[in-house]
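Asks: Quick one: the structure is below, and I'll ask about it shortly.
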Amino acid sequence: MTSTQAWVYVVDDDDSAREAIMGAVKAAGYRTLGFASATAFLAHQRNDELACLVVDVEMPELTGLDLQQRLNASNDTLPVIFATAYGDVPMSVTAVRAGAVDFLTKPLDADALIDAVRRAVAQAERLANRRPRSSEASPVVDGIVGTSPALRTLLQQVKTVAATDSTVLIQGETGTGKERIARALHDLSAHKAGRFVKVNCAAIPSGLLESELMGHEKGAFTGALSQRIGRFELAHDGTIFLDEIGELPLDLQPKLLRILQEREFERLGSTRTVRSNARVLAATNRDLASMVAARTFREDLFYRLSVFPVRVPPLRERAQDIPLLAQHFAREIAGRMGKHVQDLSPEALGRLLDYPFPGNIRELQNVVERAVILAENGIIELPELAAPSSDPLGLHLDTASSLKPAALHAARAFVPRSQGLAEMSRAHILRVLNETNWVIAGPNGAAARLEMKRSTLTFRMKKLGIVRPGVRSPGV
């Protein structure tokens, strides 16, 4: 591909500015695609084509700097050119230090814009020549959607341990996709030609669980009218997945330990030893180490299960995957329902990014399914998402906000419930500025009190329209 066949993505919430930039880029021979928000751009599926990004700094929801930080966090090397109506020197220094190609001031000079685009595309070409082939660049597992660093780390661990026969303990909160990881381990292993047998240890009555796992002979107990093959035997040469392993009764734990150690067992009512070559995977949302300390889970079984523990991150730790997951679920659910829908609107994606999702991916899927059911004329919209019960004030946590947890907690103490996050941020920053006599820098300044960098605070003040009393705001 030649450099003039590269894509130039333009992200600007101002329609006229976006169209003007795209027109100049097209006139220079480049292909271009525009987006009205950063969330809409993040939801766009990009290929490995040469590309660069021209992005406005001041935008609702995610700012241009927020978008650059998200790209950097996901190891995305897309060259970025900033465009802003404000000639903010500290902001431009921050952007360039973070890897921006240029920082242009509006109204844009067409020659300066195209010169920056040429340099950005040349940078993209150099990076593409040094980049390994896509099959080697990052771990990819079928059926698992996302590009966040937390997910990449997990998938690399999955690919590493899948080639072995070691027992894997999959830990994570409810709804994070532990079974999906278990299936990926099976599909990437030498046991993939065998069965994947799942056992939910919490769903089977404790009196029947031993028979379920190991099987029984006819007449082994009242009601055993015929021989039953157990799950371990069914999973021979395949994989057995013990979900909710923390719910396994104590009296069964020594028997499971023997299977893990000796790879053999007897069916109930039989003296014949059965061998199983099943790969064992286990999952839990419980803290097994604490259960060991409380003597509700055997220590020897814990260590045997956790030969290779992996942690599935909650959705709040991989928030940048939310747009991709939401679009994936929307298309999948709409196809199942026979509905034709468009992608989620930028406003809908913004609401998803603002919500903490205590139920993780499962909750996100349910939210998207409801939205698809209610979609009219193919447009998927989302109402304001209800806050979880752990957030009694009903505040929607903004993952892109610069407020640290301590500052957010302090803000909750005095902000009325009716206020939104922007008003809450503005009120809190104003209070701290007044307390510090409007001193921003220094160890006792407002930036330090708010746990922000000075440049971040000044940028947020400008965005929220905060001006020191007695000082005229620009343009007044």
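Read the figures in this text as sums done on the coordinates, not as results from a lab. Values in this document were obtained by computation on a predicted structure and should not be read as measured data. Here the Cβ is made from the backbone with ideal geometry for all residues, glycine too, and neighbour counts use every protein chain on show.
Asks: Please give the charge dipole size of the range 135-264, origin at the Cα centre, charges +1 on K and R Cβ atoms and -1 on D and E Cβ atoms. Round to the nearest 20 debye.
Replies: 200
Asks: Could you estimate the translational diffusion coefficient of the range 149-311 from the Stokes-Einstein equation, with Rh from the Kirkwood formula over C-alpha pairs, at 25 °C and 0.890 mPa s, in whole µm²/s?
Replies: Once the numbers are plugged in, D ends up at 152 µm²/s.
Asks: Listed here are the pairs LYS26/LYS463; LYS159/LYS198; LYS26/LYS106; LYS26/LYS462; LYS192/LYS218; which of them are more than 24 Å apart at the Cα?
Replies: Violating the 24 Å limit, Cα to Cα: LYS26/LYS463; LYS26/LYS462; LYS192/LYS218.
Asks: What is the sum of charges around ILE81, taking Lys and Arg as +1, Asp and Glu as -1, for the other residues whose C-beta is under 9 Å from the C-beta of ILE81?
Replies: Taking every other residue near ILE81 into account, the sum is 0.
Asks: Also: Using a 7 Å offset from the Cα along the Cα-to-Cβ direction at both ASN444 and LYS255, what is the distance between the two label points in nm, to one decimal?
Replies: Each label point lies 7 Å from its Cα, and together they span 7.0 nm.
Asks: Return the Rg/Rh value of the range 269-351, two decimal places, where both radii are evaluated on C-alpha atoms and Rh is the Kirkwood radius.
Replies: Here the Rg-to-Rh quotient is 1.22.
Asks: Sequence-distant or interchain residues sharing an amide H contact under 5 Å with PHE308, placed H: which?
Replies: Sorted by chain and number, the residues that satisfy this are LEU169.
Asks: Quick one: net charge around LEU433, please, counting Lys, Arg +1 and Asp, Glu -1 for every other residue with C-beta under 10 Å from its C-beta.
Replies: +2
Asks: Whole-Hz ³J(HN,Hα) for each residue in the range 152-163, computed from phi via Karplus 6.51 cos²θ - 1.76 cosθ + 1.60 with θ = phi - 60°, x for glycine and proline: what do you get?
Replies: 4, 4, 4, 5, 5, 5, 4, 5, 5, 8, 4, 6
Asks: Just for the Cα atoms in the range 172-252, what are the lengths along the principal axes, largest first, rounded to whole Å?
Replies: On the principal axes, the range 172-252 reaches 40, 29, 17 Å in Cα extent.
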